[in-house]
Amino acid sequence: MPSVGPLEIIVLIVLALVFFGAKRLPELGKGLGQGIREFKKASKDIRAELDDSFKDDPKPVSNNSSATDKA
């Protein structure tokens, strides 16, 4: 996958200015930043909850295949 170079970044910034205007871009950036922050917080909370639930559960009992082969 090719990397994004400086020319592509400049083109994207110019297009964003044309589409949204200079007054609207800070609002969009702020909203995007808040969304990313909320997503990271939610994923961290979910990960912590899953880790806690795995710590609380007892370890599964291993199936001893030799005991089932006696039949």
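The values are calculated or read from the model by the stated rules, or taken from the named source; none is laboratory data. Computed from a predicted model, the values in this text were never measured in an experiment. Glycine also receives a Cβ, built like all others from the backbone with ideal geometry; neighbour counts cover every protein chain displayed.
Structure data summary
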{"item": "Residues (of a type in the set (D, E, K, R) and either modelled with pLDDT under 90 or touching a Lys or Arg at 6+ places or on another chain (Cβ under 9 Å) (or both)) located in the stretch 6-23", "result": "Lys23"}
{"item": "Among the residues listed as Ser53, Ser43, Ser66, Ser3, the single one being surrounded by 10 or more Cβ atoms within 10 Å (Cβ to Cβ) and either among the hydroxyl-bearing types (Ser, Thr, Tyr) or at pLDDT below 80 (or both)", "result": "Ser43"}
